[in-house]
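Contents: one structure, followed by commentary.
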Amino acid sequence: MKNLLFVHRNIANQVPTDDESFSASLFYALRHLNVNVIVFKGHTDCGGVKAAWSGNNEEELRGWIDKVRKNLPDHNLLKDVSMDELTRENVLSQVKQLQQHPIYKKYGQGVQMIGLFHVESGELERVYPL
């Protein structure tokens, strides 16, 4: 049995159903490469999460950062939270979104999902499943 690693990356690991690149990559991985594990890996000092939380509104990033922002807690209700906690929350949100993604629902039966958080020391912390 050969092991394959297929990687799709975007800012803050978002799983939007309207992203053709993500949807095509997911379909290819599930249908043609027969991947059996999907890993979401957040990391210390994530620029996408930081931009969303800090209110970055640069025109060129706005659409994408808005997607990230929708997956974070309400900034007005939760002000005293660390970037690491927000990044962990983003990983969990993306796992949940993938579970609802039409391509995953159609082709992802039995595919394991793992959510990890990569800390500065190089260690990986399991976020999902616990």
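Inspect all residues belonging to segment 8-16 and state whether any of them is in contact with a Ser or Thr (Cβ under 6 Å, 6 or more places away or on another chain), surrounded by fewer than 19 Cβ atoms within 10 Å (Cβ to Cβ), assigned to a loop (DSSP other than H, G, I, E, B) and without any contact (Cβ under 8 Å) to a residue 24 or more places away in the chain. Yes, segment 8-16 has at least one match. Screening residue 23 on (1) surrounded by 17 or more Cβ atoms within 10 Å (Cβ to Cβ); (2) in contact with an Asp or Glu (Cβ under 9 Å, 6 or more places away or on another chain) shows it passes everything except condition (2). For residue 44, the conditions (1) out of contact with any helix residue (DSSP H, G or I) (no Cβ under 7 Å at 6 or more places or on another chain); (2) within 18 Å of residue 118 (Cβ to Cβ) all hold with the exception of (1). Inspect all residues belonging to segment 107-114 and state whether any of them is more than 21 Å from residue 24 (Cβ to Cβ), modelled with pLDDT of 95 or more and either surrounded by 14 or more Cβ atoms within 10 Å (Cβ to Cβ) or hydrophobic (A, V, I, L, M, F, W, C) (or both). The answer is yes; a qualifying residue exists. Residue 53 passes every criterion in (1) closer than 27 Å to residue 6 by Cα; (2) part of a helix (DSSP H, G or I) apart from (1). The criterion of being over 15 Å from residue 128 (Cβ atoms) and either part of a strand (DSSP E or B) or touching a Ser or Thr at 6+ places or on another chain (Cβ under 6 Å) (or both) does not hold for residue 75. Pairs meeting the criteria (first residue in segment 80-107 and of a type in the set (Phe, Trp, Tyr), second residue open to solvent by less than 50 Å² (accessible area, probe 1.4 Å), beta carbons under 6 Å, at least 6 apart or on different chains) are 104/98; 107/30. Going by what's in this entry, would residue 65 be described as of a type in the set (Val, Ile, Thr), open to solvent by less than 40 Å² (accessible area, probe 1.4 Å) and within 30 Å of residue 110 (Cβ to Cβ)? Here the answer is no, as residue 65 does not meet what is asked.
The values are calculated or read from the model by the stated rules, or taken from the named source; none is laboratory data. Small disclaimer: the values here were computed from a predicted structure and weren't measured. Because the Cβ atoms are built from the backbone with ideal geometry, glycine has one as well, and the counts that use them run over all protein chains shown. For accessibility, only protein heavy atoms count, side chains too; no ligands or nucleic acids. Shrake-Rupley method; radii C 1.70, N 1.55, O 1.52, S 1.80 Å.
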